[in-house]
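The values are calculated or read from the model by the stated rules, or taken from the named source; none is laboratory data. Predicted model only: the values in this text are computed from it and were never measured. Cβ coordinates were reconstructed from backbone atoms using ideal geometry, including for glycine residues, and neighbour counts include every protein chain displayed.
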Amino acid sequence: MEPSSYSIFETLQESLIIKKNDRKKQNPTDKNLLTKNTMKKIILGICLIFLSFLTRAQAKNGLEGIIVEKYYISTAKDTVNSAIGGKLPIGSTTYRIYVDLLPGYKFQAAFGIPGHELRIATTTSFFNNEDQGATIPNVIPDHNLGDNTVMLDSWISVGAASESNLGILKTEDDGQGTIKNVNGILRNDNPMMGISLEKQDGLIGGVAERVTAFGIDSIIKIFGNSNDNYAFEFKTSNGSWAAMNGSVGPTSENKILIAQLTTNGKLSFKLNIQIGTPSGGVEQYVAENPQGDQIKFSALTFPLLRTSHK
């Protein structure tokens, strides 16, 4: 067990105390030896303190961050030329949520339990592609990605972006094999969304684990292939979506795509996630009110709540 800073400081303090009785017994020939022994204890104490703080500073948890990427912003042309995919409100933003982990760690689940609600919401509604859309991307055929607005469909994931593609940040995409839209849409190059999908589409070849859903069979339907139910909120205090074998990112950066959401409203979420450690353990991160070994992680709340200091 790592010694506490209190016990280290206590040891150091004791090494500096020379009792009066010891002083009286001390003779001149022992003076230099006593001074040397005392200095050794002081140096040892300082070294232990430094080692303690260094160990704590170097200790890292597996979750490095939550990344919300602006994947695309729709235009009037996208809306007019994609009727088969369902009405896409002009100016809708497609967001992608990534979990950024240290190498060797695996994403296991996003969950809601009593006291830790999982919630994803918008002030309007989420867009679902009515042609080839799905609640999870694992079942969206790759050859349909170039049709109408399929690439903007809303869904939850554990790494996949389609049947045989993983999601990757556009900034980390190598630009190879970029999807060409057959309807001549999704060509917006607004700098507010970063890189254009015509240059880097955020897809990289690979088969991700399929989403396993627990207790969310009814609410996951808001990400189905219909826009008739005015779906604006996904929340649970007794459910999760999971990767039963754990998911890792497509590159050494280890960033795992866990959701894609399209809306013309303001997106917000509170997430709780569990990750697996390289040694076979688990770490749980919550948006608020951590209990036991749970770790509060501010970026699990979006937009990030800011405290006013007066």
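Among the candidates Glu163, Glu172, single out the residue that is acidic (Asp, Glu), at pLDDT 95 or above and within 17 Å of Gln132 (Cβ to Cβ).
On inspection, the qualifying residue turns out to be Glu163.
Considering only the stretch 174-207, state which residues are surrounded by 15 or more Cβ atoms within 10 Å (Cβ to Cβ) and not in a loop (DSSP other than H, G, I, E, B).
Met193, Leu203, Ile204
Determine whether Ser157 is surrounded by 24 or more Cβ atoms within 10 Å (Cβ to Cβ) and closer than 25 Å to Ala242 by Cβ.
Spelling it out, Ser157 is indeed surrounded by 24 or more Cβ atoms within 10 Å (Cβ to Cβ) and closer than 25 Å to Ala242 by Cβ.
Wholly within the stretch 208-253, which strands (runs of 3 or more DSSP E) include no fewer than the required count, namely at least 1 residues that are in contact with a Ser or Thr (Cβ under 6 Å, 6 or more places away or on another chain)?
Strands (runs of 3 or more DSSP E) meeting the threshold: 212-214, 239-247.
Spot the failing condition for Gly133; the list is (1) touching a helix residue (DSSP H, G or I) at 6+ places or on another chain (Cβ under 8 Å); (2) closer than 27 Å to Ala242 by Cβ; (3) modelled with pLDDT under 95, and only one is missed.
Among (1) touching a helix residue (DSSP H, G or I) at 6+ places or on another chain (Cβ under 8 Å); (2) closer than 27 Å to Ala242 by Cβ; (3) modelled with pLDDT under 95, Gly133 violates only (3).
Which numbered condition trips up Gly104, out of (1) surrounded by fewer than 24 Cβ atoms within 10 Å (Cβ to Cβ); (2) among the small types (Gly, Ala, Ser); (3) over 16 Å from the mean Cα position of the chain (by Cα)?
Condition not satisfied by Gly104: (3).
So that you can scan it fast, the table gives a plain yes or no per residue for (1) acidic (Asp, Glu); (2) under 18 Å from Gly167 (Cβ atoms); (3) in contact with a Gly (Cβ under 8 Å, 6 or more places away or on another chain):
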{"site": "Ala208", "(1), (2), (3)": "no, yes, yes"}
{"site": "Val211", "(1), (2), (3)": "no, yes, no"}
{"site": "Ser240", "(1), (2), (3)": "no, no, yes"}
{"site": "Leu257", "(1), (2), (3)": "no, yes, yes"}
{"site": "Lys270", "(1), (2), (3)": "no, no, no"}
{"site": "Pro290", "(1), (2), (3)": "no, no, no"}
{"site": "Ile295", "(1), (2), (3)": "no, no, no"}
{"site": "Thr301", "(1), (2), (3)": "no, no, no"}
{"site": "Leu304", "(1), (2), (3)": "no, no, no"}
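Could you check, for the stretch 194-207, whether at least one of its residues is of a type outside the set (A, V, I, L, M), touching a helix residue (DSSP H, G or I) at 6+ places or on another chain (Cβ under 8 Å), more than 16 Å from Lys70 (Cβ to Cβ) and at pLDDT 95 or above?
No; the residues of the stretch 194-207 include none that is of a type outside the set (A, V, I, L, M), touching a helix residue (DSSP H, G or I) at 6+ places or on another chain (Cβ under 8 Å), more than 16 Å from Lys70 (Cβ to Cβ) and at pLDDT 95 or above.
Looking only at the stretch 97-119, decide whether some residue is out of contact with any strand residue (DSSP E or B) (no Cβ under 8 Å at 6 or more places or on another chain), among the aliphatic types (A, V, I, L, M) and more than 20 Å from Thr236 (Cα to Cα).
Within the stretch 97-119, none of the residues are out of contact with any strand residue (DSSP E or B) (no Cβ under 8 Å at 6 or more places or on another chain), among the aliphatic types (A, V, I, L, M) and more than 20 Å from Thr236 (Cα to Cα).
From the list Glu64, Glu69, which residue is buried (at least 20 other Cβ atoms within 10 Å of the Cβ) and either of a type in the set (Phe, Trp, Tyr) or in contact (Cβ under 8 Å) with a residue 24 or more places away in the chain (or both)?
After applying the criteria, what remains is Glu69.
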